[in-house]
Amino acid sequence: MPFSNLPLLVYIYQIWEEEGIEAIETWNVGEQQELEGDEESKLSIALDINSTCAKVAFFIISKSMNSPTPQFVPSRLGIYEPIHQIGIWGENFKSNGNPNTSTSVIVEVDNKLENESETTSHEMLTASKNYEQEASKPIDKIQRRLAQNREAARKSRLRKKAYVQQLENSRLKLIQLEQELQRARQQGLYMGGVLEGSHIGFSGTVNSGIAAFEMEYGRWVDVQHRQICELRTALNAHISDIELRILVESGIGHYFELFRMKSTVAKADVFYVISGVWKTSAERFFSWIGGFRPSELLKVLVPQLDPLTEQQILEVCNLKQSCQQAEDALSQGMEKLQETVSSTVAGGPVDEVSYIPQVATAMEKLEALVSFVNQADHLRQETLQQMSRILTTCQAARGLLALGEYFHRLRALSTLWATRPPEPSLP
Amino acid sequence: MDKVMRLTTERGVVLFSKSSCCLCYAVKILFQELGVTPTIHEIDQDPEGREMERALMRLGCKAPVPAVFIGGKLVGSTNEVMSLHLGGGLIPLLRPYQAFC
């Protein structure tokens, strides 16, 4: 008898579809040095193909009975492993409707494990019953231990699930916090600089104007995202032109809303708008006088609008050109403003203690910056308006989707960039 | 007011500006790009400058400068000029006065 001299504990496990491993029977084979003849023959690996078990696993723990923790090592069906290995059957078995039907897996423990051919369920149950009758005494203990194992395993699985979920949430939260921190830091530096450099005390309105804008802008981005999804769904569903027109109007109106918000906060603090701290880093890279370039907008939109009629192509071409010209004019105006402010601040003797006159004059000139930001936004608005006029409803919808998606991707790029792994430090 | 009215009825493109105004500078650049040489009146350098400023405001300009008149008619300030241009309406107005060297 191959079992002799081998104090083994054979755990018969039954794996339910969703609950994982549960111990259903334990044989302390070591307590029985020898088994009867027919036990021996039944102690072969056999599976009740009529059971509801999805998978059945078994394992054999080490020789030492003091280490009840099983060594769980999956191996393929039919591979004969020495003791300490387990085999897992991955097949699904037919259900007989009763999930509580246990499958007995009888293991022929040897230095080689042999898989016998399948026996019928009747034989299996008989065999296990016979064996149970033989060793009825330890059954109670065994049952209790099995129940405990089941419970422990279940709890462990739930804990692991909860832990992984928590990790995922924490990771997302961390990314968000990092971004917020970066923005706050930039703003802090910026605000600190402003307060230090000025002899005029800033009232709370500057901060509150910015705070209000930040909150509104956060909401604006959320609504933008929702609108993009709605547009995408609508275009795929081929809704009527009238319904699509409503979406287009609200989409364009949403951009106009942003320009209104920016106009308000520009009066409170124009440098805040121009600096672009309220945008993500990738968006800021493309910033032109506090926002996107109108010509950039056209470059993103037009390829998505095919096919265009000849008339449309002509009109879009003219728009591109006039847009570029207006942009250039404003850019040069901005350069002139920079020169003016610079020469004003730098003017006068440098050994003078008082520079107030120069700075005060520069302040006046900087007022013009507000006009420039407003003009730039006006240009953006006009560009959107003209495109809306030139295009059909469907084209306009596609255009808005393309534009919204473009900015969404830029924001995603910013997040990805912010969370990239740190570069290895030089040795 | 009289001066402004007289000046605006001048033929061609008339631009009221201030030498220190950078937005006016932007408008000048735009006209240059479009091949137009407007008649520029820098009202900050004009002795009657303040009067002219008031007159321009009364004519309907939100900001006194830049103020653009084409063929005697008020076009408006930067906003109006930009909108007109993007809408394709500026070039036709300027055509009689365009001169590309």
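The values are calculated or read from the model by the stated rules, or taken from the named source; none is laboratory data. Keep in mind the model is a prediction, meaning the values are calculated, not measured. Using ideal geometry, Cβ is built from the backbone for each residue, glycine included, and neighbour counts are taken over all protein chains shown.
A search for C-beta distances below 7 Å between a residue of region B:31-57 that is in contact (Cβ under 8 Å) with a residue 40 or more places away in the chain and any residue that is assigned to a helix (DSSP H, G or I) and hydroxyl-bearing (Ser, Thr, Tyr), counting only pairs 6+ apart in sequence or on different chains, returns B:Val36/B:Tyr97.
Which members of region A:247-279 meet the condition of being under 30 Å from the mean Cα position of the chain (by Cα) and outside any helix (DSSP H, G or I)? Passing the criteria: A:Gly276, A:Val277, A:Trp278, A:Lys279.
A:Ala282 meets the conditions (1) assigned to a helix (DSSP H, G or I); (2) in contact with a Gly (Cβ under 7 Å, 6 or more places away or on another chain); (3) touching a residue at least 60 places away in the same chain (Cβ under 8 Å) in every case but one. The failed one is (2).
Kindly indicate whether any position in region A:305-314 is over 15 Å from A:Glu214 (Cβ atoms), assigned to a helix (DSSP H, G or I) and in contact with a Phe, Trp or Tyr (Cβ under 9 Å, 6 or more places away or on another chain). Within region A:305-314, not a single residue is over 15 Å from A:Glu214 (Cβ atoms), assigned to a helix (DSSP H, G or I) and in contact with a Phe, Trp or Tyr (Cβ under 9 Å, 6 or more places away or on another chain). Restricted to region A:209-258, and to residues there that are polar (S, T, N, Q) and touching a residue at least 60 places away in the same chain (Cβ under 8 Å), the residue that is surrounded by the most Cβ atoms within 10 Å (Cβ to Cβ) is A:Gln224. For region A:261-280, does any single residue satisfy the condition of being surrounded by fewer than 17 Cβ atoms within 10 Å (Cβ to Cβ), farther than 21 Å from A:Cys394 by Cα and either in contact with a Cys (Cβ under 8 Å, 6 or more places away or on another chain) or within 14 Å of chain B (Cβ to nearest Cβ) (or both)? Yes, region A:261-280 contains a residue that is surrounded by fewer than 17 Cβ atoms within 10 Å (Cβ to Cβ), farther than 21 Å from A:Cys394 by Cα and either in contact with a Cys (Cβ under 8 Å, 6 or more places away or on another chain) or within 14 Å of chain B (Cβ to nearest Cβ) (or both). For A:Gly291, state whether it is within 30 Å of B:Pro92 (Cβ to Cβ) and either hydrophobic (A, V, I, L, M, F, W, C) or not in a helix (DSSP H, G or I) (or both). So A:Gly291 passes the test.
Figure legend. Inter-residue proximity from region B:10-21: first residues within 14 Å of another protein chain (Cβ to nearest Cβ), second residues among the β-branched types (Val, Ile, Thr) and not in a strand (DSSP E or B), beta-carbon distance below 7 Å, spacing 6+ or different chains. Indicated pairs: B:Leu15/B:Val27; B:Ser17/B:Val65; B:Lys18/B:Ile43; B:Lys18/B:Val65; B:Cys21/B:Val65. The test for being crowded, with 18+ Cβ neighbours inside 10 Å and either more than 10 Å from every other protein chain (Cβ to nearest Cβ) or hydroxyl-bearing (Ser, Thr, Tyr) (or both) does not hold for A:Leu366.
Residues of region A:204-245 that are polar (S, T, N, Q) and either part of a loop (DSSP other than H, G, I, E, B) or over 30 Å from A:Asp269 (Cα atoms) (or both): A:Thr233, A:Asn236, A:Ser240.
Against the condition within 11 Å of chain A (Cβ to nearest Cβ) and either at pLDDT 85 or above or farther than 24 Å from A:Asn374 by Cα (or both), how does B:Ala99 come out, does it pass?
Values: within 11 Å of chain A (Cβ to nearest Cβ): no; either at pLDDT 85 or above or farther than 24 Å from A:Asn374 by Cα (or both): yes.
Answer is no for this residue.
Does region B:35-48 contain at least one residue that is within 14 Å of chain A (Cβ to nearest Cβ) and touching a helix residue (DSSP H, G or I) at 6+ places or on another chain (Cβ under 7 Å)? Among the residues of region B:35-48, at least one is within 14 Å of chain A (Cβ to nearest Cβ) and touching a helix residue (DSSP H, G or I) at 6+ places or on another chain (Cβ under 7 Å), which makes the answer yes.
Within the group B:Gly87, B:Gly60, which residue is of a type outside the set (D, E, K, R), more than 10 Å from every other protein chain (Cβ to nearest Cβ) and out of contact with any Phe, Trp or Tyr (no Cβ under 8 Å at 6 or more places or on another chain)?
On the way: B:Gly87 fails: more than 10 Å from every other protein chain (Cβ to nearest Cβ).
On inspection, the qualifying residue turns out to be B:Gly60.
Identify, please: which residue in region A:303-352 is β-branched (Val, Ile, Thr) and within 23 Å of B:Cys21 (Cα to Cα) and is, among those, nearest to the other protein chains (Cβ to nearest Cβ)? Among residues in region A:303-352 that are β-branched (Val, Ile, Thr) and within 23 Å of B:Cys21 (Cα to Cα), the one nearest to the other protein chains (Cβ to nearest Cβ) is A:Thr340.
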